[in-house]
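Everything below concerns the one structure shown next.
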Amino acid sequence: MNQELFEQCTLKMLAGEATPEEILQVETACRQDPLREREFQELREAYLITRDVLPLVSAQFEEVPELPEYRVGPLQAAVRRQFAPGKGPRREGAWGWAWPLGLAGAACVLLAFLYGPGQTELIELAVIREGTVRSAETELSAKELKVMVREFEDEKQFEAWVQKPLTTGSRARIWFDEETEVIRVERRGDGGRMVQKTYRLPSSNVERQKVLRQIVAELNGP
Amino acid sequence: MDNGPELLKRLKQGEESAWDETFRILYPCAFAAARHPSVCLTPEEAEDVAVEALEKLVPKVVQVGQFDELRALVVTIAARAAISLRRKLSAQKRGSGQTLSLNETNEEGQEIHQPVAPVAENLAPLELRELSGLLKGVLGGMDDLTRQLVEGNLARGKTYRQLAEEHAMPIGTVGVRIARGLKKMREQLEKRPELWKELRNHLR
C-alpha cells in the first residue's frame, strides 16, 4: 500500500466514509508495519483534535444569525437576577424594576389579586423572591393600595399558581409580565366568565405604581 | 460597536444596555458552537442551547479580564451544553432513560462508550484562545485549496464526496490534501508541549 493510498484510506476511515475493503487495507498495513501504525495514530489524533476544535475557533467570530427578539426578555431577566440589589452593582436602565414593598430580588412578575369589595384587604400582591436583602425603595405601599403581599420562592411556583383558576372569593388578578412588557389583568366577568386585558408595562417604578393604582381603582369600580 | 474595556466595565456594573449589546454580539458565537458538526443539533435545539449559554455567562463576567475572553467562554459553555443535550436526546431516543455516551457499536452490536466530541467537551476557554491563534496560523500557511478542504470537512462537517464534487477532484485527492493539512497542524501543536499534552488527555 503506497503512501498516498494509505493517507486516502486512513482519512476516509476517520471520517466514517471508508468502505470495508479500505478499512481492511489500513488495518493490514498497520499490523504489518509499526511505522504505518504510528502514522495512523498520529493522523487520528490530529484529525480528532482538529475536528473538535476548528468549529469552535470559527464560532468565536460568527456574526449571524441574529438573536431572536423573543429571546431577549429571559436574558434580561438573568441579568436582573444577577445584579439585583444586594447581589452586586447595578445601574438603573430602561427595563429595570426595583421591587415594591421593600422586597429585594430580580423577579420578573408582580402579581396582584383583587378580592371582592367590602373586604378589608382587597388586593394581594405577590412577588417571586430571589434575594433576602431588603431594598430601601418602597414607592408602592401595601397600605396605600390595600394589598396583601404574597411571595413565591421561584418562577416555577408562580407559574404553577397562575395556571390555576381564580380561587373562590377573588374576582381578579393582575401581574406584571416583564418578558412581554405588559400588565396582565384577569378578572371574572358577567356570568363568572374569565376576561383578560393587557396594559403596556411602563419602565419606571413611578409609572408602574400609577398604572397599578388606576387598574385597581377601575376594578374596584365607582 | 464598543468591544473593549469600557464595555466590559459596564457589563460588570450590570448595565442593561451593555448586556443587550453583548448578547447580540455573542449569540451568533454561542449558536455556532451549539451547531458543532459532530453534535448534530437542529437549529431550534441550538437556539435553546445558545440562550442557555448566554444566561450562564452572566455570573461569570466578573472572572473575565478582557471582553474577547467572553467569546471563548460562551463558545465552550455552549459546546458542552450542546453535547450534554445530544446525549440526553440520544438516550431518550433509545427509550432507555439513561444518559449514555454517543456513537457506535462494536462487532457484537454492543455500544462502545465513545464520547461524541471529547476535546470540544473538555476544552477550557484559555486553551481555545491559544488554539485559535495557532490554528489560524497553520491554516493561513496552507495553499487555498488545502485550507478550503480542511475547513470544509473539519469545521463545517462536509463529507469527502461533497468536497470532491465542489472542487471537481477525486475523493482520494481530498483525503490526501486533508491528511497533509493535518500533519502540519500536528507539527505546530507539538511545538506547544503543554497544550499538546492537554489536548491528548482530552482524547482519552
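The residues of segment B:71-86 that are away from every other protein chain (no Cβ under 11 Å) and of a type outside the set (A, V, I, L, M, F, W, C), listed by number, are B:Ser84, B:Arg86.
In the set (1) within 17 Å of the chain's Cα centre (by Cα); (2) surrounded by fewer than 17 Cβ atoms within 10 Å (Cβ to Cβ), B:Ser17 fails one condition alone, (1).
Applying the criterion of being small (Gly, Ala, Ser) and in a helix (DSSP H, G or I) to the residues of segment A:8-57, the residue that is nearest to B:Pro37 (Cα to Cα) is A:Ala46. Restricting the first member to segment A:176-205 and to residues that are farther than 30 Å from A:Val79 by Cα, and the second to residues that are loosely packed, with under 11 Cβ neighbours inside 10 Å and modelled with pLDDT of 70 or more, the beta-carbon pairs closer than 9 Å and six or more apart or on different chains are A:Arg187/A:Gln196; A:Met194/A:Pro165. Within segment A:58-83, how many residues are out of contact with any Pro (no Cβ under 7 Å at 6 or more places or on another chain) and in a helix (DSSP H, G or I)? Residues flagged as out of contact with any Pro (no Cβ under 7 Å at 6 or more places or on another chain) and in a helix (DSSP H, G or I) within segment A:58-83 amount to 15.
From the set of residues in segment A:171-222 that are of a type in the set (Asp, Glu) and at pLDDT below 75, which is nearest to the chain's Cα centre (by Cα)?
In this case the residue turns out to be A:Glu179.
The sole residue among A:Gln76, A:Gln82 that is touching a Phe, Trp or Tyr at 6+ places or on another chain (Cβ under 6 Å), within 30 Å of A:Leu201 (Cβ to Cβ) and buried (at least 18 other Cβ atoms within 10 Å of the Cβ) is A:Gln76. Residues in segment B:58-70 that are within 15 Å of B:Arg24 (Cα to Cα) and either more than 9 Å from chain A (Cβ to nearest Cβ) or at pLDDT 95 or above (or both): B:Phe67, B:Leu70.
The single condition among (1) closer than 18 Å to A:Gln82 by Cβ; (2) touching a residue at least 60 places away in the same chain (Cβ under 8 Å); (3) within 8 Å of chain A (Cβ to nearest Cβ) that B:Leu7 does not meet is (3). Just to be sure, is B:His167 more than 9 Å from chain A (Cβ to nearest Cβ) and either free of Cβ contacts under 8 Å to residues at least 12 places away in the same chain or more than 20 Å from A:Glu22 (Cβ to Cβ) (or both)? Considered against the rule, which asks whether it is more than 9 Å from chain A (Cβ to nearest Cβ) and either free of Cβ contacts under 8 Å to residues at least 12 places away in the same chain or more than 20 Å from A:Glu22 (Cβ to Cβ) (or both), B:His167 comes out as yes.
Of the residues examined, B:Ala46 is one that is at pLDDT 95 or above and within 11 Å of chain A (Cβ to nearest Cβ). When the test is whether a residue is within 10 Å of another protein chain (Cβ to nearest Cβ), touching a Phe, Trp or Tyr at 6+ places or on another chain (Cβ under 9 Å), modelled with pLDDT of 90 or more and surrounded by 15 or more Cβ atoms within 10 Å (Cβ to Cβ), B:Ala120 does not pass it.
Being buried (at least 17 other Cβ atoms within 10 Å of the Cβ) and among the polar types (S, T, N, Q) is a condition met by at least one residue of segment B:153-163.
The values are calculated or read from the model by the stated rules, or taken from the named source; none is laboratory data. Computed from a prediction, not measured in an experiment: that's the story for all the values here. Here the Cβ is made from the backbone with ideal geometry for all residues, glycine too, and neighbour counts use every protein chain on show.
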